[in-house]
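Some notes on the structure that comes next.
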């Protein structure tokens, strides 16, 4: 039996411990250790994925205790996709964070702990083990959001903590109900036992409701989305890029796993109300998230509300519950991670170069920062769904799945969401490419004063790699010098958004055996 499934979870944990121990000897050593750990994990995840897209999932029993009594790690096409995505994105964001910060060893140790939690959620075959990794992910994410300077980050982290704890508690309570009904926690065994108990059992229905609502909180489905805009906007730019790309993405994957691996399509067929809840939650999130995004003036809050809408598409695909829609959901999760993470990092790069953190300040941006403008333009068009970007392929599959399932209202909502997405990105692209830069006074490079006040300060101190520190003024004075790594990261995200769209149809074919087993 290969130990590779356990290794891809253990590597970031070992890296986190190594970063903390190295910090006791010398500060500023966290970044290279984090890079080595995530690079090794990426190699392991890719090697694991090579054997996962087949007729039989890869299984690993932790500690030699045979399932269903022990904890089992299961790697199929879906979980392998998530494991590779987590590793690659984490490695990519490190390239940005080296100059952008934060740079303390504690930050990088927490960063790796988040990566371990997300990887564990992706490949576990045990619902309680999923909860444990969900909590590890949550605690690490709260700390990373709070790592920014000023009161805004602290307030955002506290809100995230309070709302996230409620979601995790509901998820745990749902596991408890399932365990009372079946006496098992292994996903495969739980599925069989739930079918034996009966899908119309109040205990089974309550378990489903609690598990789904708990994950709705983590995904940020409207109206339990309120933590997300504050967390994304209040966190440091590197953290915003990481958590926007991965945290809700892996939670959405967990929802797919809970609905189809544990409860199965037969549960949805026996409980039309449950399917209706998924449809309504998806439609409301898609529309309201898009409308709220249109009304925003701060770029990071607009991107955050856009995520509420985009994850509504994934929930809609789950509600449709056919192979085409689920293929679209997985493609959309991968594409959204790359594009939205890239957009947050690009907005940070633009802010460091020009001071612009509000949409009005993006006027004439193409002349002030051509790299940032180009990356933002490609990623924004990808989010809208302009071919050949991956955003088009994911939406196409989901819309086609809705038509095949005769979910006509959802198909209409998907079309409306595309138009709304175009509305809030088009106004930014128009400012970037078709307006002249606004004249600025000395000491004012476009940063909105109210945004700075909300952030808690006009300047911050960034600790460099053991050399000293530099002050970065938010009001357009000295700023972080944008590094080659920062530019390379955002450009790579833009290129990947297009390349993934080209290979997405082939990826969909690779997923067919896994999705057929999921819906069997």
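The table below gives the values:
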item	result
Filter result for the condition that a residue is at pLDDT 90 or above, touching a strand residue (DSSP E or B) at 6+ places or on another chain (Cβ under 9 Å) and either part of a helix (DSSP H, G or I) or buried (at least 20 other Cβ atoms within 10 Å of the Cβ) (or both), over 231, 206, 188	188
Meets criteria (surrounded by 23 or more Cβ atoms within 10 Å (Cβ to Cβ), part of a helix (DSSP H, G or I) and in contact with a helix residue (DSSP H, G or I) (Cβ under 9 Å, 6 or more places away or on another chain)) for residue 241	yes
Test result for residue 308, out of contact with any strand residue (DSSP E or B) (no Cβ under 7 Å at 6 or more places or on another chain), over 27 Å from residue 153 (Cβ atoms) and part of a helix (DSSP H, G or I)	no
From 114, 173, 134, 118, residue being in contact with a helix residue (DSSP H, G or I) (Cβ under 8 Å, 6 or more places away or on another chain), assigned to a helix (DSSP H, G or I) and surrounded by fewer than 19 Cβ atoms within 10 Å (Cβ to Cβ)	173
Single match in 345, 326, 349, 313 (criterion: within 22 Å of the chain's Cα centre (by Cα), surrounded by 24 or more Cβ atoms within 10 Å (Cβ to Cβ) and farther than 23 Å from residue 83 by Cβ)	349
Cβ pairs under 6 Å, 6+ apart, first in the range 139-156 and crowded, with 20+ Cβ neighbours inside 10 Å, second outside any helix (DSSP H, G or I) and at pLDDT below 85	152/456
Check on residue 322, farther than 20 Å from residue 214 by Cα and in contact with a helix residue (DSSP H, G or I) (Cβ under 8 Å, 6 or more places away or on another chain)	yes
Some residue of the range 81-94 being touching a residue at least 24 places away in the same chain (Cβ under 8 Å), more than 18 Å from residue 241 (Cβ to Cβ), touching a helix residue (DSSP H, G or I) at 6+ places or on another chain (Cβ under 9 Å) and not in a helix (DSSP H, G or I)	no
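Results for (1) out of contact with any strand residue (DSSP E or B) (no Cβ under 9 Å at 6 or more places or on another chain); (2) in a helix (DSSP H, G or I); (3) surrounded by 18 or more Cβ atoms within 10 Å (Cβ to Cβ), shown as yes or no for each residue.
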residue	(1), (2), (3)
13	yes, yes, yes
23	yes, yes, yes
37	yes, yes, yes
45	yes, yes, yes
52	no, no, yes
67	no, no, yes
70	no, no, no
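The values are calculated or read from the model by the stated rules, or taken from the named source; none is laboratory data. No experiment lies behind these values; they were computed from the predicted model shown. In this analysis, Cβ positions are derived from the backbone assuming ideal geometry, glycine residues included, and neighbour counts consider all displayed protein chains.
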